[in-house]
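One structure below.
The values are calculated or read from the model by the stated rules, or taken from the named source; none is laboratory data. Treat the numbers as computed from the prediction; the structure is a model and nothing was measured. Cβ: placed from backbone, ideal geometry, glycine included. Neighbour counts: every protein chain shown. Protein only, heavy atoms only, side chains kept; ligands, DNA and RNA dropped before computing areas. Shrake-Rupley method; radii C 1.70, N 1.55, O 1.52, S 1.80 Å.
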Amino acid sequence: MATKPSVKRSNPVLVVVALLGALVGPLFVFSETKWGVAGLVGLVAWLIVSALLLGRLIMFPLGIVVFMLSFFALGSYVEPWWYELRGEKVDGCLVLDERKGKGGRTSPDFFVHRVQCGDDVLVYEDSGMQERVEVGSTVSLIVDRGGLLPPVMTIPNRENAPLGPYALGGYLLLTMGHTAASVIFPPPVQPPKPSRPPRGPKFPLKKDST
């Protein structure tokens, strides 16, 4: 007898978590505030939940590839576009003090400065890739007034800023499409379990000896 194809029923809670993770990720993952952790958690949650929704192990490494591409696109294209859109150049910021931080094996040491720009005291981190500033000097910073991104002296990957909206749209299409495929794609077909042979009597019957 032909078996009916199984209908996939996805947990709506998991679907909502995956969609929220995909949306929250690009908003906060590069933030200097506590929401930066929420952005990273959102991207990881989207990756794991999408694989759980589909129920196929092959989607997990595929999700990792999508995750890495998304992270690259957000950092290289969306971040400079956001600085161009919401950033404001502030001149005459006074460097109040500095604190040295230890870099990793492949990253240089960095310095964290408290900088006063008008009535605001901001935190500027010199990652070693930008021009070094001295305590007591004045610098010009590009400040995101929304507070999502940290102040910078120069916008990283500024030449990629015009492509930022397209990268963000491509990210959303890719992640939403991946989530939709995880929900719609049929579940893997489970092979039928082999039937067990019928069991005989617990004790063998004794033959009559005549």
>> Just to be sure before I move on: is VAL123 under 26 Å from the mean Cα position of the chain (by Cα), at pLDDT 85 or above and outside any loop (DSSP other than H, G, I, E, B) in the structure I sent?
In response: yes
>> Just to check your reading of the model, which residue among SER76, SER70 is polar (S, T, N, Q), touching a Ser or Thr at 6+ places or on another chain (Cβ under 7 Å), under 30 Å from ILE48 (Cα atoms) and open to solvent by less than 70 Å² (accessible area, probe 1.4 Å)?
In response: SER70
>> Can you tell me which residue is modelled with the lowest pLDDT among those in the range 151-210 that are among the polar types (S, T, N, Q) and closer than 30 Å to VAL133 by Cα?
In response: THR154
>> Pairs needed: first member in the range 111-125, in contact (Cβ under 8 Å) with a residue 40 or more places away in the chain; second member anywhere, in a strand (DSSP E or B) and open to solvent by less than 80 Å² (accessible area, probe 1.4 Å); C-beta distance under 8 Å; at least 6 residues apart or different chains.
In response: VAL123/VAL112; VAL123/HIS113; VAL123/VAL115
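Taking the range 138-155 as the search range and keeping residues that are in a loop (DSSP other than H, G, I, E, B) and of a type in the set (Val, Ile, Thr), which one is farthest from GLY87 (Cα to Cα)?
Narrowing the range 138-155 to residues in a loop (DSSP other than H, G, I, E, B): 145-151, 153-155.
Okay, now just the ones that are also of a type in the set (Val, Ile, Thr), so 154-155.
Numbers: THR154: 11, ILE155: 9 Å.
By that ranking, first place goes to THR154.
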> If you go through the range 144-156, how many residues are over 16 Å from VAL112 (Cα atoms) and surrounded by 14 or more Cβ atoms within 10 Å (Cβ to Cβ)?
Replying inline: 4
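Against the definition (part of a loop (DSSP other than H, G, I, E, B) and either at pLDDT 85 or above or open to solvent by 80 Å² or more (accessible area, probe 1.4 Å) (or both)), how does GLU134 come out, yes or no? Working first, answer last.
Values: part of a loop (DSSP other than H, G, I, E, B): yes; either at pLDDT 85 or above or open to solvent by 80 Å² or more (accessible area, probe 1.4 Å) (or both): yes.
For GLU134, the condition - part of a loop (DSSP other than H, G, I, E, B) and either at pLDDT 85 or above or open to solvent by 80 Å² or more (accessible area, probe 1.4 Å) (or both) - is met.
Would you confirm whether or not the range 17-30 contains a residue that is modelled with pLDDT of 80 or more, open to solvent by 80 Å² or more (accessible area, probe 1.4 Å) and not hydroxyl-bearing (Ser, Thr, Tyr)?
In the first step, residues of the range 17-30 are kept if they are modelled with pLDDT of 80 or more; the result is none.
Looking for residues that are modelled with pLDDT of 80 or more, open to solvent by 80 Å² or more (accessible area, probe 1.4 Å) and not hydroxyl-bearing (Ser, Thr, Tyr), one finds none in the range 17-30, hence no.
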